[in-house]
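The values are calculated or read from the model by the stated rules, or taken from the named source; none is laboratory data. This one's a predicted model, so the numbers in the text were calculated from it and none came from an experiment. Cβ atoms come from the backbone with ideal geometry, glycine included; neighbour counts cover every protein chain shown.
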Amino acid sequence: DQQVKQNSPSLSVQEGRISILNCDYTNSMFDYFLWYKKYPAEGPTFLISISSIKDKNEDGRFTVFLNKSAKHLSLHIVPSQPGDSAVYFCAAKDGRNFNKFYFGSGTKLNVKP
Amino acid sequence: EAGVAQSPRYKIIEKRQSVAFWCNPISGHATLYWYQQILGQGPKLLIQFQNNGVVDDSQLPKDRFSAERLKGVDSTLKIQPAKLEDSAVYLCASSLGASSYQETQYFGPGTRLLVL
């Protein structure tokens, strides 16, 4: 039962352009959403988050949008840089369940110079 | 602030052998998680500790996997005996464990296990 889904396994973007990574979830009780970035041979690194009471959170080049009615969130990276090339995981937290986290399968972003 | 530490970083064993992984969470973090990540998939929760008590081990294959968190700090995850399908990256993460809904997990570098 996959409660968090990332349907695009990979994405290729030209340097300087926008990268949009998408994530869908099924559990309406998720109260907090996070994006992690993972380089090869490293653990996931926290990137940005958004609570369920907001619809947008911005941190520098990274913006996360949350559409609760559609159970959808997206990560926008503008402008994209080659160093952004990594696997991005979407995660959601169930605050009712001991803060258990659910992860998507990841999207591999390749930013071409 | 020191991050989550894990060791070893890599391990190669033969099937039916045993292996143990160690994790030291961020100081002050009450919640500790062990995940298994198979190539091409997202992290899958194996076990979650709150201090030294288990709050979720529903996806831990208890016939071969065990974990403990003594004194509510360090944790070890053991596999005995290992199977080929246990080849994966084992990630340890920790979080404050506070009641705030803005709870964030922080991950260690992972241990890459190859079972031959």
Original post:
Within the stretch B:104-116, how many residues turn out to be buried (at least 17 other Cβ atoms within 10 Å of the Cβ), out of contact with any helix residue (DSSP H, G or I) (no Cβ under 8 Å at 6 or more places or on another chain) and more than 9 Å from chain A (Cβ to nearest Cβ)?
Top reply: 1
**OP:** Scan the stretch B:77-89 and report the pairs whose first residue is in contact (Cβ under 8 Å) with a residue 12 or more places away in the chain and hydroxyl-bearing (Ser, Thr, Tyr) and whose second residue is buried (at least 20 other Cβ atoms within 10 Å of the Cβ) and part of a strand (DSSP E or B), with Cβ atoms within less than 7 Å and a gap of 6+ or a chain change.
**Re:** B:Ser87/B:Leu113; B:Ser87/B:Val115
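Within the stretch A:52-62, is there a residue that is within 22 Å of B:Trp34 (Cβ to Cβ), within 13 Å of another protein chain (Cβ to nearest Cβ) and without any contact (Cβ under 8 Å) to a residue 60 or more places away in the chain?
No, every residue in the stretch A:52-62 fails to be within 22 Å of B:Trp34 (Cβ to Cβ), within 13 Å of another protein chain (Cβ to nearest Cβ) and without any contact (Cβ under 8 Å) to a residue 60 or more places away in the chain.
Check the stretch A:102-113 and report whether any residue there is more than 13 Å from the chain's Cα centre (by Cα), under 20 Å from B:Gly40 (Cα atoms) and within 14 Å of chain B (Cβ to nearest Cβ).
Taking every residue of the stretch A:102-113 in turn, none turns out to be more than 13 Å from the chain's Cα centre (by Cα), under 20 Å from B:Gly40 (Cα atoms) and within 14 Å of chain B (Cβ to nearest Cβ).
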**OP:** Return the pairs, sorted by first residue and then second, in which the second residue is among the basic types (Lys, Arg), the first residue lies in the stretch B:51-63 and is in a loop (DSSP other than H, G, I, E, B), the beta carbons are less than 8 Å apart, and the residues are 6+ apart or on different chains.
**Re:** B:Asn51/B:Arg69; B:Asn52/B:Arg69; B:Asn52/B:Lys71; B:Gln59/B:Lys44
**OP:** Return a yes/no flag: does the stretch A:33-44 have any residue that is at pLDDT 95 or above, surrounded by fewer than 18 Cβ atoms within 10 Å (Cβ to Cβ) and in contact with a Lys or Arg (Cβ under 9 Å, 6 or more places away or on another chain).
**Re:** no
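Can you tell me which residue among A:Ser19, A:Ser85, A:Ser74 is touching a residue at least 60 places away in the same chain (Cβ under 8 Å), away from chain B (no Cβ under 14 Å) and surrounded by 14 or more Cβ atoms within 10 Å (Cβ to Cβ)? Give the steps one after another, and end with the answer.
Numbers: A:Ser85 fails: touching a residue at least 60 places away in the same chain (Cβ under 8 Å); A:Ser74 fails: touching a residue at least 60 places away in the same chain (Cβ under 8 Å).
So the residue among A:Ser19, A:Ser85, A:Ser74 that is touching a residue at least 60 places away in the same chain (Cβ under 8 Å), away from chain B (no Cβ under 14 Å) and surrounded by 14 or more Cβ atoms within 10 Å (Cβ to Cβ) is A:Ser19.
Name the residues in the stretch B:59-103 that are among the hydroxyl-bearing types (Ser, Thr, Tyr), within 14 Å of chain A (Cβ to nearest Cβ) and crowded, with 17+ Cβ neighbours inside 10 Å, would you? Explain how you work it out, then say what you get.
First, the residues of the stretch B:59-103 that are among the hydroxyl-bearing types (Ser, Thr, Tyr): B:66, B:75-76, B:87, B:90, B:94-95, B:99-101.
When the remaining residues are screened for being within 14 Å of chain A (Cβ to nearest Cβ), the result is B:90, B:94-95, B:99-101.
Once the filter is applied, which keeps residues that are among the hydroxyl-bearing types (Ser, Thr, Tyr), within 14 Å of chain A (Cβ to nearest Cβ) and crowded, with 17+ Cβ neighbours inside 10 Å, the stretch B:59-103 yields B:Tyr90, B:Ser94, B:Ser95.
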**OP:** Given the conditions (1) part of a loop (DSSP other than H, G, I, E, B); (2) among the aliphatic types (A, V, I, L, M); (3) in contact with a strand residue (DSSP E or B) (Cβ under 7 Å, 6 or more places away or on another chain); (4) closer than 19 Å to B:Leu91 by Cβ, report the number of the one that A:Ala92 does not fulfil.
**Re:** (1)
